[in-house]
Amino acid sequence: MSNNVTYLLIMLSKLVGRPNAMIEVKELYHRYGKDSDFVLANLNFTIKRGEFVFIVGPSGAGKSTLLKLFIREIVPSQGSISILGQDLGTMPPKQIPYLRRSIGMVFQDFRLLEDRTAFDNIAFVLRVTGASAGEITRRTSHVLDLVGLAHKAYARVCDLSGGEQQRIGLARAIANRPALIIADEPTGNLDPDTSLEIMSLLRQINLRGTTIVVATHNREIVDRFQKRVIHLEDGRIASDEQKGVYARAL
Amino acid sequence: MPCNGFTYAWGEAFKSLYRNRWMSIASVGVVVVTLLMLGTFMMVSLNLAHITATVKGQVEIVVYVDEKATPEQQKQLQTMLEARTDLAEIRFVSREEALERLQPELGDFLEGYDIEAENPLRDSYELRAIVPESVINIAKELEGYPAVGDVFYGQGVVEKLFNVTRGLQIVALSLMVLLSITAVFLIAHTIKLTVYIRSKEIMIMKYVGATNWFIRWPFILEGLTLGLLGAILPLFALYYIYGLAASWVTAQNIMFLSLLPVSVMMFELVKYLVPLGTGLGILGSSLSMGRFLKV
Ligand SMILES: Nc1ncnc2c1ncn2[C@@H]1O[C@H](COP(=O)(O)OP(=O)(O)OP(=O)(O)O)[C@@H](O)[C@H]1O
Ligand SMILES: [Mg+2]
């Protein structure tokens with residue numbers, strides 16, 4: 001009996017001790033090259049565990065740049081970014097692969113290996129982490145099932161429709177059970193109905209506790225989902241609202 | 001690298017070799033041709049060294065004692081020869097011994113002559129220099145010794161042979177260096193093309209958290225395989241060619257001229273071509289990857 005209480009206390013303290021912030025951005029500035037203008041300027045915000053956040057704004061506002069900073073594809077010119085309490089600025093290069101294993105990426109152009117099967121594309125990322133063959137088969141079948149494509153497992157990606165390809169992209173992103181999913185215009189190449197399907201899948205994944213950050217131009221979906229919306233304009237945060245809408249309130 | 005990572009890397013290397021099989025074949029072909037030429041030059045060069053060594057070893061100075069020399073003078077000559085420190089061997093050949101040596105070759109030719117009584121040959125000393133290249137200088141000095149009639153050392157022939165072999169060895173060596181450099185560049189280029197073809201895969205691997213070594217291994221193994229294949233195939237060809245050449249040379253029965261035994265030659269070729277091929281492969285793939293692995 002007392003053992004159970006101790007266990008409960010330990011679990012509770014672990015929960016409390018876990019950093020509540022998924023992403024913490026402080027006084028972030030970024031520019032490509034020493035003499036060019038700042039593409040992002042003085043950004044400060046926090047994204048909590050389990051949040052679903054849209055990043056919107058006109059073309060060239062800096063959405064993709066911000067997402068690239070999150071996965072340490074680029075290093076900020078000034079300021080700091082922390083993911084799960086880890087400062088990306090001071091992170092040694094050897095740690096970067098392990099950071100990326102805790103983040104799932106989804107791209108506008110899918111970035112799948114077209115000449116391979118759906119199954120291979122997902123198994124591919126699990127192999128990178130050194131998973132066993134049995135584990136790979138189990139996880140791959142599971143995530144294909146989650147995105148509703150179990151029946152297309154052995155179809156080559158180039159034979160699939162755009163919407164199906166993006167679902168493979170989603171399945172790949174969640175294969176490693178990441179704490180965070182970052183999607184850069186995941187519906188940019190899809191028709192409205194398919195776009196809604198993909199975003200709904202993302203919302204389902206979010207309901208299981210995964211934090212989701214989506215950069216998008218899809219006004220209809222942003223307005224419909226009623227999630228947090230960070231509005232970037234010219235590299236600055238123009239608005240940041242819970243249950244926000246695509247068009248910024250003036 | 002864990003065990004399943006090892007299998008993965010080899011698997012990927014072979015998959016990639018197969019997927020780009022035409023390019024793999026082409027690049028192995030180029031390595032084969034390069035190492036074949038390299039091997040041929042090695043065969044020629046090693047045999048030149050071998051023949052030169054043989055000939056050098058066989059070059060003797062023969063000092064003929066002057067017919068008019070008195071036994072005292074001849075004794076003096078022998079003392080002086082023995083005093084020299086640059087001679088490896090001094091052998092006295094009496095005129096009788098010289099005649100005996102000739103007998104089998106002359107055969108019945110001199111039937112009827114009493115050559116024992118009218119021996120036209122002279123006493124001689126057969127000398128061997130410690131340093132073969134000094135033969136010419138030693139011979140010149142010996143000409144001034146007392147009781148010396150003539151000095152023979154294969155004048156001109158020896159000098160020319162030394163010069164020709166040294167020249168050929170320099171040419172062969174330069175060609176070997178040039179061909180090695182060419183091979184490295186060709187392998188690097190081939191791997192660069194494979195890396196380029198797989199650049200999307202590499203990009204995705206980086207996004208999903210593959211370590212640099214995880215990405216690198218398949219390419220290194222691919223380069224190694226190309227280099228190794230490129231070394232092993234010409235070894236078979238060279239083995240065949242060398243067998244032909246060796247038996248041809250033996251059939252010609254030229255004095256001084258014998259080639260290194262096949263086993264010795266193959267040992268030398270394996271010793272150099274296999275590490276060279278794999279080394280070139282690994283070097284080539286390492287050279288071609290750096291840029292693609294920047295985050
Ligand atoms: N690699 C780069 N080098 C130099 N400048 C760049 C680079 N990438 C982006 N930029 C510049 O940074 C600014 C922001 O680009 P970014 O791609 O982040 O915008 P975005 O909000 O994603 O736009 P879009 O909606 O069109 O995708 C633009 O002015 C762009 O030209
Ligand atoms: Mg963008």
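The values are calculated or read from the model by the stated rules, or taken from the named source; none is laboratory data. Note that the structure is predicted; figures quoted are calculated from it, not measured. Heads up, the Cβs are rebuilt from the backbone with ideal geometry, glycines too, and the neighbour counts pull from every protein chain shown.
Restricting to the stretch A:189-207, give me the number of residues that are among the small types (G, A, S) and more than 17 Å from A:L160 (Cα to Cα). Spell out how you get there, then give the answer.
Going residue by residue through the stretch A:189-207, those that are among the small types (G, A, S) are A:195, A:200.
Within this subset, residues satisfying the condition of being more than 17 Å from A:L160 (Cα to Cα) are A:200.
Count: 1.
Of all residues in the stretch A:184-205, how many are surrounded by fewer than 24 Cβ atoms within 10 Å (Cβ to Cβ), in a loop (DSSP other than H, G, I, E, B), over 13 Å from the mean Cα position of the chain (by Cα) and within 16 Å of ligand 1 (Cβ to nearest atom)?
So the answer is 3.
If you check A:G104 against the conditions, is it in contact (Cβ under 8 Å) with a residue 12 or more places away in the chain, more than 14 Å from chain B (Cβ to nearest Cβ) and more than 16 Å from ligand 1 (Cβ to nearest atom)? Working first, answer last.
Numbers: in contact (Cβ under 8 Å) with a residue 12 or more places away in the chain: yes; more than 14 Å from chain B (Cβ to nearest Cβ): no; more than 16 Å from ligand 1 (Cβ to nearest atom): yes.
When the stated conditions are applied, A:G104 does not pass them.
Go through (1) free of Cβ contacts under 8 Å to residues at least 40 places away in the same chain; (2) within 11 Å of another protein chain (Cβ to nearest Cβ) one by one and return the number of the condition A:D191 breaks.
For A:D191, the failing item is (2).
Looking only at the stretch A:149-173, how many residues end up being assigned to a helix (DSSP H, G or I) and more than 14 Å from chain B (Cβ to nearest Cβ)?
Of the residues in the stretch A:149-173, 9 are assigned to a helix (DSSP H, G or I) and more than 14 Å from chain B (Cβ to nearest Cβ).
Looking at (1) surrounded by 23 or more Cβ atoms within 10 Å (Cβ to Cβ); (2) touching a helix residue (DSSP H, G or I) at 6+ places or on another chain (Cβ under 7 Å); (3) under 22 Å from A:L149 (Cβ atoms), which is the one condition that is false for A:G169?
Every condition holds for A:G169 apart from (2).
From the residues in the stretch A:62-77 that are in contact with a helix residue (DSSP H, G or I) (Cβ under 8 Å, 6 or more places away or on another chain) and in contact (Cβ under 8 Å) with a residue 40 or more places away in the chain, which one is nearest to ligand 1 (Cβ to nearest atom)?
A:I74
Can you tell me which residue among B:G209, B:G167 is assigned by TED's automatic domain parsing to the domain that holds B:L36, assigned to a helix (DSSP H, G or I) and among the small types (G, A, S)?
Numbers: B:G209 fails: assigned to a helix (DSSP H, G or I).
Being assigned by TED's automatic domain parsing to the domain that holds B:L36, assigned to a helix (DSSP H, G or I) and among the small types (G, A, S) holds for just one of B:G209, B:G167, which is B:G167.
Considering each of A:S132, A:S141 in turn, give the residue that is without any contact (Cβ under 8 Å) to a residue 40 or more places away in the chain and at the interface with chain B (Cβ under 8 Å from one of its Cβ atoms).
Values: A:S141 fails: at the interface with chain B (Cβ under 8 Å from one of its Cβ atoms).
The unique qualifying residue is A:S132.
Limited to the stretch B:65-91, what total is found for residues that are part of a loop (DSSP other than H, G, I, E, B), within 15 Å of B:G149 (Cα to Cα) and either acidic (D, E) or touching a helix residue (DSSP H, G or I) at 6+ places or on another chain (Cβ under 7 Å) (or both)?
Of the residues in the stretch B:65-91, 2 are part of a loop (DSSP other than H, G, I, E, B), within 15 Å of B:G149 (Cα to Cα) and either acidic (D, E) or touching a helix residue (DSSP H, G or I) at 6+ places or on another chain (Cβ under 7 Å) (or both).
Need pairs with beta-carbon distance below 7 Å; first residue within 12 Å of another protein chain (Cβ to nearest Cβ) and within the stretch A:78-99, second assigned to a helix (DSSP H, G or I) and surrounded by 17 or more Cβ atoms within 10 Å (Cβ to Cβ); sequence gap 6+ or separate chains.
Cβ pairs passing all conditions: A:M91/A:L99.
Being within 14 Å of chain B (Cβ to nearest Cβ) and either in contact (Cβ under 8 Å) with a residue 60 or more places away in the chain or within 16 Å of ligand 1 (Cβ to nearest atom) (or both) is the requirement here; does A:I181 meet it? Working first, answer last.
Values: within 14 Å of chain B (Cβ to nearest Cβ): yes; either in contact (Cβ under 8 Å) with a residue 60 or more places away in the chain or within 16 Å of ligand 1 (Cβ to nearest atom) (or both): yes.
The answer is yes for A:I181.
Does A:E27 fit the bill of being surrounded by fewer than 20 Cβ atoms within 10 Å (Cβ to Cβ), among the acidic types (D, E) and touching a Gly at 6+ places or on another chain (Cβ under 6 Å)? It would help to see each step written out before you state the result.
Details: surrounded by fewer than 20 Cβ atoms within 10 Å (Cβ to Cβ): yes; among the acidic types (D, E): yes; touching a Gly at 6+ places or on another chain (Cβ under 6 Å): yes.
So A:E27 fits the description; yes.
Would you pick out the residues in the stretch B:202-258 that are touching a residue at least 60 places away in the same chain (Cβ under 8 Å), within 14 Å of chain A (Cβ to nearest Cβ) and more than 25 Å from B:V32 (Cα to Cα)? If you could, list the steps in order and put the result at the bottom.
Going through the stretch B:202-258, the residues touching a residue at least 60 places away in the same chain (Cβ under 8 Å) turn out to be B:202, B:206, B:212-227, B:229-231, B:233-235, B:237-238, B:241-242, B:245, B:256-258.
Checking the rest, the ones that are also within 14 Å of chain A (Cβ to nearest Cβ) come to B:202, B:206, B:212-218.
Of everything in the stretch B:202-258, those that are touching a residue at least 60 places away in the same chain (Cβ under 8 Å), within 14 Å of chain A (Cβ to nearest Cβ) and more than 25 Å from B:V32 (Cα to Cα) turn out to be B:I202, B:K206, B:N212, B:W213, B:F214, B:I215.
When you go through A:A215, A:A179, A:A175, A:A171 one by one, which is the residue that is within 16 Å of the chain's Cα centre (by Cα) and within 16 Å of ligand 2 (Cβ to nearest atom)? Steps first, please.
Details: A:A179 fails: within 16 Å of ligand 2 (Cβ to nearest atom); A:A175 fails: within 16 Å of ligand 2 (Cβ to nearest atom); A:A171 fails: within 16 Å of ligand 2 (Cβ to nearest atom).
Within the list A:A215, A:A179, A:A175, A:A171, the selection yields A:A215.
In the stretch B:117-138, how many are crowded, with 17+ Cβ neighbours inside 10 Å, in a loop (DSSP other than H, G, I, E, B) and small (G, A, S)?
0
Please count how many residues of the stretch A:45-77 are away from ligand 2 (no atom under 16 Å from the Cβ) and either over 28 Å from A:R224 (Cβ atoms) or assigned to a loop (DSSP other than H, G, I, E, B) (or both).
The total comes to 7.
So A:V213 ticks every box in (1) in a helix (DSSP H, G or I); (2) within 17 Å of A:F54 (Cβ to Cβ) but one. Which box is left unticked?
With respect to (1) in a helix (DSSP H, G or I); (2) within 17 Å of A:F54 (Cβ to Cβ), A:V213 is out only on (1).
Do you know which of the residues in the stretch A:220-250 that are under 29 Å from A:S102 (Cα atoms), without any contact (Cβ under 8 Å) to a residue 40 or more places away in the chain and within 16 Å of ligand 1 (Cβ to nearest atom) is farthest from the other protein chains (Cβ to nearest Cβ)?
Step by step, filter the stretch A:220-250, then rank; the result is A:S239.
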